[in-house]
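Before any comments, here is the structure.
What follows is calculated from the coordinates using simple rules that are stated; it is not laboratory data. Keep in mind that what you see is a predicted model, and the values were worked out from it rather than measured.
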Amino acid sequence: MLVVNTEKCMSCEACVAVCGTGAAQMVDGKAYIDVNLCVECYACKSVCPSEAIEEKEG
């Protein structure tokens, strides 16, 4: 499962731009990954300049 470390998130929206399922969203000015929509393609993780998107065991 992919999650956003909000302390690292720079609110650049790069993850939102590349997410093909709409799982990457902005919530309260920070990125958020909706686990119900995420297909774990890692596109968001690969474009995040601050490495804020991390893999966690679900």
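Give me the percent relative contact order of the stretch 2-55, please, defined on Cα pairs under 8 angstrom at least 6 residues apart.
Numbers: 91 pairs, mean separation 24.7, N = 54.
That works out to 46 percent.
Evaluate the Kirkwood expression for the hydrodynamic radius of the stretch 2-55, namely the inverse of the mean inverse distance over all pairs of different C-alpha atoms, and round to one decimal in Å. Before the final figure, lay out each step's value.
Details: mean 1/r = 0.0950 Å⁻¹.
Averaging 1/r across every pair of different Cα atoms and inverting gives 10.5 Å.
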